[in-house]
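First the structure, in the form of structure tokens, and then the observations on it.
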Amino acid sequence: MDIATFVQIFESTLRLATPLLFACLAGLFSERAGIFDIGLEGKLLVAAFFSASIAYVTGSAWLGLAAGIGASVVFSLIHGVASITFRGNQLISGVAINFLAAGMTVVVAQSWFQQGGRTPPLVGDARFDRLSLPFANALHDVPVVGQIYGQILNQHSILVYFGLLCVPLTWWVLYRTRFGLRLRAVGENPAAVDTAGISVVRLRYAAIVIAGVLCGIGGAYLSTALAAGFVKDMSAGRGYIALAALIFAKWRPWHALGAVLLFGMLEAIANRWPNLDLGIITLPNQFMTALPYILTVVILAGFVGKAIPPRAGGEPYVKER
Amino acid sequence: MKTMPKWADVLLVPLISLVIAFALSALVILAIGEDPVRAMELMVTGSLGSTYGWGYTLYYTTNFLLTGLAVSIAFQAKLFNIGGEGQAMIGGLGVALVCLFIPWPNWWLAMIAAILASALFGAMWAAIPAWLQAKAGSHIVITTIMFNFIAASLMNYLLSHVLRPTTSMDPATARFDNVLRLPRLHDILGLVGIDFSRSGPANIMLFVALAFCVLAYVLLWRTRLGFEIRAFGQSEAAAHYAGISSFKIIMVAMLISGALAGTMAVNSVMGGPQRLVMNAVEGAGFIGIAVALMGRSHPIGIIAPALLFGFLFQGGSELAIETSIPRDMIVIIQALVIMFTGALDNMVRRPLELLFLALRRRA
Amino acid sequence: MVADVTGGAADAAPAIELRGISKAFGPVQANKDINIRVRKGTIHGIIGENGAGKSTLMSILYGFYKADSGEILIDGKPTQIADSLAAIRAGIGMVFQHFKLVENFTVLENVILGSEGGALLKPSKARARKLLTQLAHDYEMHVDPDALIEDLSVGHQQRVEILKALYREANIQILDEPTGVLTPAEADHLFRILKGLREQGKTIVLITHKLREIMEVTDEVSVMRRGEMVATVTTAETSPAELAELMVGRKVLLDVQKTPAQPGEVVMSARGLTVTDRHGVEKLRGIDLDIRRGEILGIAGVAGNGQSELLEVLAGMMAGTGTMTMLGEEMDLTLRRDNARTRREDSIAHVHEDRHRCGLILDFMAWENVAFGYHNAPEYQKNALLMDNHAILEDAKGKIERFDVRPPNPMLTAESFSGGNQQKIVLAREIERNPDLLLVGQPTRGVDIGAIEFIHKRLIELRDQGKAILLVSVELDEILSLSDRIVVMFDGRIMGERDPEQTNAQELGLLMAGVTGEAA
Amino acid sequence: EPALIYDLGGKFDKSFNEMAYTGAMRWAEETGMEFRDIELQSETQREQAIRRFAEAGYNPVVMTGFSMATPLEVVAADYPDTTFVIIDGVVDLPNVRSVLFSEQEGSYLVGMAAGMATESNTVSFVGGMDVPLIRAFACGYAQGAHAANADINVIVNYTGTTPAAWNDPVRGSEITAAQISQGSDVVFAAAGGTGVGVLQRAVDDGILSIGVDSNQNYLHPGQVLTSMMKRVDNAVFDAFTAGPEMETGVHVMNLQSGGVGWALDEHNDALITQEMRDALAAAEASISSGELAVHDYRSDNTCPYSVE
Ligand SMILES: Nc1ncnc2c1ncn2[C@@H]1O[C@H](COP(=O)(O)OP(=O)(O)OP(=O)(O)O)[C@@H](O)[C@H]1O
Ligand SMILES: Nc1ncnc2c1ncn2[C@@H]1O[C@H](COP(=O)(O)OP(=O)(O)OP(=O)(O)O)[C@@H](O)[C@H]1O
Ligand SMILES: [Mg+2]
Ligand SMILES: [Mg+2]
């Protein structure tokens, strides 16, 4: 395999990992605060749709991004009302949200654009352009640095760089700030937070709104940067892969980056070699597609250290039965 | 002491939730510029207005009875099996293998074999998540989601590379022998002189599914195993105190659940297109969740919601043909039903509880 | 911030005054129109039986629950306490019966949680660390600020809770049953701290249902019964007997009538019982025990010293090592072959100490609960496949009648019975199986006095039928009056055995604190 | 009243199904009559959709996509009085017309165009679902490219093995990116809705692309070299016009009969050099006359032209 192939795979990995990264960090905020979020998929999808539609109508990718975030936050809030305010089952609420997004995007898209559940293609400013990093051209041909900085990292949408930035940011917020301390505490023992004079409800809502914003960006990236428009079911299970990555990462930000890069790379490899010939065996495309899930199951089986979720995760905070 | 009588909890709460879900769906239809009343009319005539419609409605109902039952049994043991989709897919594989590679002399032998095979395959697919829950404590929701995707990939591979006849471009198996055609309602009701459309795919599996409901009821409320499953579902600690093995209950409940989800494929493969196609499950595994939630996980209680979703499914297809409302509208309705009966039921229950409390205080 | 209370006129106002507080949890009226005044600079006790509503009342004061009606006055000023933040601002701190700590956080993080004093953690932590060292020094409460809570003993966890309140400069300290998990010595240390705080002018509310503690440290005491405040008296002017009577509403008959025991052959014999929990902590450290027919063996000890584990190991709920023989037959302690069910088949019945969590399925009907654990019994089966629900129902009716369960309706869910009646259902189920060995944990916890007498009578009857009973209770009085032999446990070990006729609460208390007879 | 059933991918896939729609609309406009149509949502709906239209008395019932063949076989037998048309599939029943196209011929032409336009000597192909039909596209394309340029490199990839492959623009885009990194500077997408992503990536990375089925030149004016036209619209139009009494049996639409071809319009006028026009015209003539045989992958399930 030549260097150009490597470069292409890593470039592709970075692009494909970005929506996973946003969704995974979204899940991280939410689950660290004790709210399970299997609705990541739905939020990605609904954000992808609304950002593409608004970007198409206004011709501005940024307005599209705002709309995507807005839609995703609304879905987060629905989840919040169900699981925080009404103390419903978070898993069921997540399942419902995924269906709601799947149905809603198609029905609304059909009603707005009459194109069978897709938006018209986005052109020009309705789409996020690729950025050239400073000095990237100059460094393009320098060995190693050139390949990494000038080729792999260069020429991505601004959202990719923002996603990468979100990783240290998340880490810092979680472990270095008051908000982070409280957020982690509320996912472990909400009663402790409550009796310390902090509102569990407000804290958890804050967490899911952050999750909504992040998912919104991820969805917008899908339809306005990675692709040029929305198509039905375009999240294609990425929300679930993000969930798998979150477990794989054991709910930690830097590990999350590692996990989504791994899963992104699997996708990139599957795109490049639909049937990966390893000499001894040929791995079919479908195997690569399933690999993130298989790996996560392996993690869950405890073969590679135990993944312990936040202790209060999934349980509504109930004081009075 | 309970604040609310049982009938209110079992009937009133889901019913009110359902009404809210439908009201919101009507709003969505209005919002996209269509007439909800006409939509409802179309759905009713399309699904219940002719024996042709009934033939499809009951066909879907059969699917949902089986997946709903699967979710319910697991729910009774407090296990949230959202892997019905994957288990049914793999169940379909069992059906296809049995039907393609064994020359059956008649349909009923084949059907019994297919039920056994699909149940076995479905149970197998539930076994690993169950085992992981029982031994490693990994959340069954997460593992069953993973297994749904793994199943989809596996079926995708098998159908496009292994089971596809060389002459076909479809990722689907060959058609089964005509001998294996399950008797449809047209044939069955014809015996008692009722005229029924020959087109609708509803078939003998409807009665099998109903029989399974009764059997599940007996299992849960008349056998030791059922007693243990319910006890475990109510309180794991208490079950441990009573010497009920959590490992056994988790495994057995999930195996039964997976087996039931698997048998759904007998209907949708042998009873429907008579070959295994991609995505033969069509989301029935997930609809089973809504059905179980509405039926309060009671094997008899799920019959009405299964019929409701059968109606929605068939009505939705008609809607898509007759109006410009996409068939995805029923996905929205399904989402709202799951949301309101499953996650937001406190929204309905709490005011009701207050109401009943006030009524009782006054009395 | 803490209200300014240095004004002369304000001194006269009580630190806390609650007026007409009522609180219902669904159908349960936990607090009914409660009035109470707590004078500044005093230690005020609140006593009452389990479920009397003590915790609920104080949780309302701390803003954890919201009262349905009533008023709160702090230092004479009406104060809205909508949440714990308001309570903290009003200078109130509370140590809950069930600690509110984040297990995988450090002590320091737990202490600053909610009072960080800045958006960034680093400066907050540095400041807190200094203050914490100071506090620990002032009150002789040493804990490592960087230790994880889950690695600390219960006693130390409680210190963290108290430090949390001190760190927030609470003028009013509420402690909800702080001694339940402490040895008498630790409790004494705590009381010294409380007295020290009182010297500094702080007000302390101490919830307990132990009369000894009330008499020892409080200035005044309020008594609650069934959600109501029945009296507030000055400690110096009352007696334990009077308090007990106020608590239960009638004269208490603590003496149990029984004939001397006639112990027979050894029923169960255990050697070197050892249990290690999943954190690697030894909960039982080599217990040797024999129990004979016709005797009640009482196990005394502070909660959490291995009694629960002992019962669960014997009952087949928890794996251990060592040996156990029942009627000469070897039991499998690894639980590979045995479990709670096979132990029942070996004639060991078990009344679990936590009837809500384990003893009953609250959502099952009474008749189903009567079969619970024995649902495999042949008389409950119709044939190889089906259970005979009718037979179970008939059986349940009889048991409910004989144990005077009220209301005598087998179709009600277990949840809808009161604590005492729930306990009777459990006892009826276990006792009427005529087990050779009955394991009983806290048989009268949260049970009213009438039911207590009934339960005690039944246990003695069973003994007189020549059965063996192993009784675990944290109530020394119960142990003393029921047992034919008493064994004291401390830190997973047996500290010694005493004859109830020749010992007293003081001696047992020393053993419970880990002080052996020779050393004492 | 006639009815039309679109395959998965939907009415507005910008290619195959949309062509069918265009043909039906043309018919509706010219005759002033109405037709019914439905987009399939899932595999299992196929049989139900056909049955529903037959049951309701629509005639003829036209459907697109080879996946309809098996369900049609069942339903057509149940409704002998209804005439059915299947495009891209063969059903051997008296009341079914099966329309097939010689895709290899059209692909040959655009392959030639690609072979002449490339500067890197590498061209590529993104197929949708990996089935013989799409392989026929690929093989014709390779043959054409080789005809124009003997030592050309042709890279071939498919998006998947299931119908989902028709509707995954993100994947199409990533596959194109990989092909570009391997040197391709002209990419031909025969992948339904997935092609949208392929064309988009080609534009983003500044290479030429070739559209499929309908004339897709307008999607990115000046950047789409040409489109391989598959006149599904004509097939539908013909069927609707002929009505229930149409002639059944297998109909092959090839270059000669105008069934396939390549698109030249104002959007790609500047891209197609005179040299290309001449070469393509010559090739068209010799194919139509039978002088030049374009290999059909489906005839022997092999492709003699080397592809990667
Ligand atoms: N969160 C709650 N939800 C519902 N009911 C509750 C809750 N907390 C307490 N109760 C009920 O309110 C009543 C009073 O309980 P509370 O905890 O105040 O009693 P207590 O006097 O503190 O008892 P104990 O000595 O056992 O701690 C009991 O019947 C109890 O079961
Ligand atoms: N934590 C709780 N949550 C919900 N309901 C509770 C709770 N605790 C008690 N109850 C219910 O409240 C009622 C009264 O219970 P409680 O144990 O306080 O009774 P009690 O008045 O102390 O009776 P007894 O004297 O027989 O013990 C019962 O119906 C019980 O099921
Ligand atoms: Mg209490
Ligand atoms: Mg009580």
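The values are calculated or read from the model by the stated rules, or taken from the named source; none is laboratory data. Just so you know, these numbers come straight off a predicted model, no measurement behind them. Reconstructed Cβ throughout: ideal geometry from the backbone, glycine too, with neighbour counts over all protein chains shown. Protein only, heavy atoms only, side chains kept; ligands, DNA and RNA dropped before computing areas. Shrake-Rupley method; radii C 1.70, N 1.55, O 1.52, S 1.80 Å.
Need one number: nm distance between label points at C:Thr334 and B:Ser246, each 7 Å from Cα along Cα→Cβ, rounded to one decimal.
So the label points at C:Thr334 and B:Ser246 sit 2.1 nm apart.
Under the rule of -39500 (n - 2.57) per DSSP H run of 4 or more residues, summed and divided by the residues of chain A, what mean residue ellipticity at 222 nm is obtained, to the nearest 500 deg cm²/dmol?
One gets -21000 deg cm²/dmol as the mean residue ellipticity at 222 nm.
How big is the D-A contact in terms of buried accessible area, both chains counted, 1.4 Å probe, rounded to the nearest 100 Å²?
Counting both chains, the buried surface is close to 2200 Å².
Treating the angle as unsigned and between 0 and 90°, give the value, to the nearest 10°, between the Cα long axis of helix D:69-78 and the longest Cα principal axis of chain D.
Taking Cα atoms only, the helix is inclined about 10 degrees.
Under the rule of at least 5 residues apart or a separate chain, name every residue whose amide H is placed under 5 Å from the amide H of C:Lys40.
So C:Lys40 has HN proximity to C:Ala15.
Between A:Ile308 and C:Asp33, what FRET efficiency follows from the Cβ-Cβ distance if R0 is 45 Å, with the result rounded to 0.05? Don't skip to the answer; put the middle values down first.
Numbers: r = 46 Å, r/R0 = 1.03.
Efficiency, rounded to the nearest 0.05: 0.45.
Tabulate in residue order the Karplus-calculated ³J(HN,Hα) for segment C:354-364, using 6.51 cos²θ - 1.76 cosθ + 1.60 with θ = phi - 60°, rounded to whole Hz; enter x for Gly and Pro.
Once rounded to whole Hz, the list reads 10, 6, 6, 7, 10, x, 9, 9, 4, 8, 7.
Residues in segment D:242-264, backbone N under 20 Å from the label point at D:Arg26 (7 Å along the Cα-to-beta-carbon vector): list them, ranges by number please.
D:242-244, D:246-247, D:251-264
Using label points projected 7 Å from each Cα along Cα→Cβ, tell me how many nm separate C:Thr234 and B:Val19, to one decimal.
Taking the simple label geometry, C:Thr234 and B:Val19 are separated by 6.3 nm.
Subtract the Cα-Cα distance of D:Ser120 and D:Val250 from 0.36 nm times their separation in residues, and report this length gain in nm to one decimal.
Taking D:Ser120 through D:Val250 to full extension adds about 42.6 nm, to one decimal.
When chain D is modelled as a GNM with alpha-carbon springs shorter than 10 Å, which of D:Ser227, D:Ser15, D:Ser286 fluctuates the most?
Comparing D:Ser227, D:Ser15, D:Ser286 in the GNM, the peak value goes to D:Ser286.
In the protein assembly as shown, what percent of the accessible surface is made up of carbon and sulfur (1.4 Å probe, ligands and nucleic acids excluded)?
57
Leaving ligands, DNA and RNA out of it, work out the accessible area of A:Trp62 with a 1.4 Å probe and give it in Å² to the nearest 10.
150
If you take the Cα Rg of segment B:55-314 and divide it by 2.2 N^0.38 Å, with N the number of residues, what do you get?
0.99
Taking both sides together, what accessible area is buried at the C/A interface, probe 1.4 Å, expressed in Å² and rounded to the nearest 100? Working shown, then result.
Working: alone 23830 and 14860 Å², together 36530 Å².
Chains C and A together bury approximately 2200 Å².
Relative to the longest principal Cα axis of chain D, at what angle does helix D:16-31 sit, 0 to 90 degrees, rounded to 10?
Helix D:16-31 sits at roughly 50 degrees to that axis.
Using a 1.4 angstrom probe and counting only protein chains, how large is the accessible area of C:His209 in Å², to 10?
40
Tell me, what is the percent relative contact order of chain D, built from C-alpha pairs under 8 Å that lie six or more residues apart? Intermediate values should be presented prior to the final figure.
Numbers: 714 pairs, mean separation 64.4, N = 308.
Once normalised by length, the contact order is 21 percent.
Determine the equivalent ellipsoid of segment C:356-433 by diagonalising the alpha-carbon gyration tensor, then write out the semi-axes as square roots of 5 times the eigenvalues, largest first, rounded to whole Å.
The equivalent ellipsoid of segment C:356-433 has semi-axes of 20, 12, 11 Å.
Rg to Rh ratio, segment C:105-169, alpha-carbon atoms and Kirkwood radius?
0.93
For chain A, rounded, prolate or oblate, judged on the Cα gyration tensor with a ≥ b ≥ c (square roots of eigenvalues), a/c < 1.5 rounded, else prolate if a/b > b/c?
Prolate shape, in that a/c is at least 1.5 and a/b is the bigger ratio.
Report the full-extension gain for the segment A:His140 to A:Thr85: residue separation times 0.36 nm, less the Cα-Cα distance, to one decimal in nm.
Numbers: separation 55, 0.36 × 55 = 19.80 nm, distance 5.36 nm.
The span from A:His140 to A:Thr85 would gain 14.4 nm if fully extended.
With a 1.4 Å probe, how much accessible area is buried between chains D and B, both sides summed, in Å² to the nearest hundred?
Summed over both sides, the interface buries about 2500 Å².
Mind checking which of B:Ala238, B:Ala70, B:Ala292 has the largest fluctuation in a GNM of chain B, springs on alpha carbons under 10 Å?
Among B:Ala238, B:Ala70, B:Ala292, the largest mean-square fluctuation in the Gaussian network model of chain B belongs to B:Ala238.
Considering all projection directions equally, how large on average is the shadow of the alpha-carbon convex hull of segment B:238-363, in square nanometres?
Directional mean of the projected Cα hull area for segment B:238-363 stands at 12.6 nm².
Of the candidates A:Gly302, A:Gly146, A:Gly80, which one comes out as most mobile in a Gaussian network treatment of chain A with C-alpha springs shorter than 10 Å?
Between A:Gly302, A:Gly146, A:Gly80, it is A:Gly302 that shows the largest mean-square fluctuation.
For segment A:255-298, what is the largest minus smallest coordinate of the Cα atoms on each principal axis, given in angstrom and ordered from greatest to least?
Computed over segment A:255-298, the largest-to-smallest principal extents equal 31, 21, 15 Å.
At 1.4 Å probe radius, can you tell me the per residue accessible area of the protein assembly as shown in Å²?
Value returned for the protein assembly as shown: 36 Å² of accessible area per residue.
For chain B, what does -39500 (n - 2.57) per DSSP helix run (n ≥ 4), summed and divided by total residues, give at 222 nm, in deg cm²/dmol to the nearest 500?
Estimated from H runs of four or more residues: -22000 deg cm²/dmol.
Can you list residues from other chains, or at least 5 along the same chain, whose modelled amide H is less than 5 Å from the amide H of C:Gly466?
Under 5 Å from the amide H of C:Gly466: C:Gly294.
Which residues of segment B:264-282 show a drop of at least 40 Å² in accessible area when all protein chains are present, compared with their chain alone (probe radius 1.4 Å, heavy atoms only, ligands and nucleic acids excluded)?
Listed by number, the residues meeting the 40 Å² cut-off are B:Arg275, B:Met278, B:Glu282.
Okay, helix-only estimate at 222 nm for chain C: each DSSP H run of n ≥ 4 adds -39500 (n - 2.57), divide by all residues, round to 500 deg cm²/dmol; what do you get?
The helix contribution divided over chain C gives -9500 deg cm²/dmol.
Can you tell me what the convex hull of the Cα atoms of segment C:128-210 projects to on average, as an area in nm²?
5.4
Mean Kyte-Doolittle hydropathy of 0.0 or higher plus an axial Cα length of 15 Å or more: which whole DSSP H helices in chain C meet both?
Going by DSSP H runs, the hits are C:449-464.
Would you please state the base-10 log of I(q)/I(0) at q = 0.05, 0.06, 0.08, 0.09 1/Å for the protein assembly as shown, with intensities from the Debye formula using one equal scatterer on every alpha carbon?
-0.48, -0.67, -1.07, -1.26
Go through C:Lys397/C:Lys424; C:Lys40/C:Lys100; B:Lys78/C:Lys424; A:Lys319/C:Lys66; A:Lys250/B:Lys248; C:Lys77/C:Lys202 and tell me which ones have a Cα-Cα distance over 20 Å in this structure. Display every interim value, and only then the final one.
Details: C:Lys397/C:Lys424 13 Å; C:Lys40/C:Lys100 26 Å; B:Lys78/C:Lys424 28 Å; A:Lys319/C:Lys66 11 Å; A:Lys250/B:Lys248 29 Å; C:Lys77/C:Lys202 17 Å.
Pairs exceeding 20 Å: C:Lys40/C:Lys100; B:Lys78/C:Lys424; A:Lys250/B:Lys248.
Under the classification rounded if a/c is under 1.5, otherwise prolate if a/b is larger than b/c and oblate if not, where does segment A:1-138 fall, given a ≥ b ≥ c as square roots of the Cα gyration tensor eigenvalues? If you can, show how the numbers build up before the last one.
Numbers: a/c = 2.24, a/b = 1.37, b/c = 1.63.
Oblate shape, in that a/c is at least 1.5 and b/c is the bigger or equal ratio.
Hey, can you list the residues from segment C:115-141 whose accessible area shrinks by 30 Å² or more with all protein chains present, relative to the chain by itself (probe 1.4 Å, no ligands or nucleic acids)?
C:Glu116, C:Ala119, C:Leu120, C:Leu121
Would you mind classifying segment D:1-96 by shape? Square roots of the alpha carbon gyration tensor eigenvalues, ordered a ≥ b ≥ c; an a/c under 1.5 is rounded, otherwise it is prolate if a/b is larger than b/c and oblate if not. Numbers along the way, then the final one.
Working: a/c = 1.71, a/b = 1.21, b/c = 1.42.
Here segment D:1-96 falls in the oblate category.
Just name one of D:Thr273, A:Met288, C:Gly264: the one whose Cα is farthest towards the positive end of the charge dipole of the protein assembly as shown (beta-carbon charges, Lys/Arg +1, Asp/Glu -1).
Most positive-ward Cα: C:Gly264.
For chain B, what are the DSSP H helices with axial Cα length of 18 Å or more and mean Kyte-Doolittle hydropathy of at least -0.5?
B:13-31, B:51-76, B:84-101, B:107-131, B:140-157, B:205-222, B:246-265, B:303-322, B:345-362
In degrees, nearest 10, range 0 to 90: what is the angle between the Cα axis of helix A:178-188 and the longest Cα principal axis of chain A?
Rounded to the nearest ten degrees, it is 70.
Sorted by accessible area (1.4 Å probe), largest first, how do C:Arg458, C:Arg336, A:Arg184 line up?
C:Arg336, C:Arg458, A:Arg184
Kirkwood hydrodynamic radius (Cα pairs, Å) of segment A:83-184? Walk me through the numbers on the way to the answer.
Working: mean 1/r = 0.0544 Å⁻¹.
By the Kirkwood definition, the hydrodynamic radius is 18.4 Å.
Viscosity 1.002 mPa s, temperature 20 °C: what is the translational diffusion coefficient of chain D from Stokes-Einstein with a Kirkwood Rh over Cα pairs, rounded to a whole number of µm²/s? Don't jump to the answer; show the numbers that get you there.
Values: Rh = 19.3 Å.
The estimated diffusion coefficient comes to 111 µm²/s.
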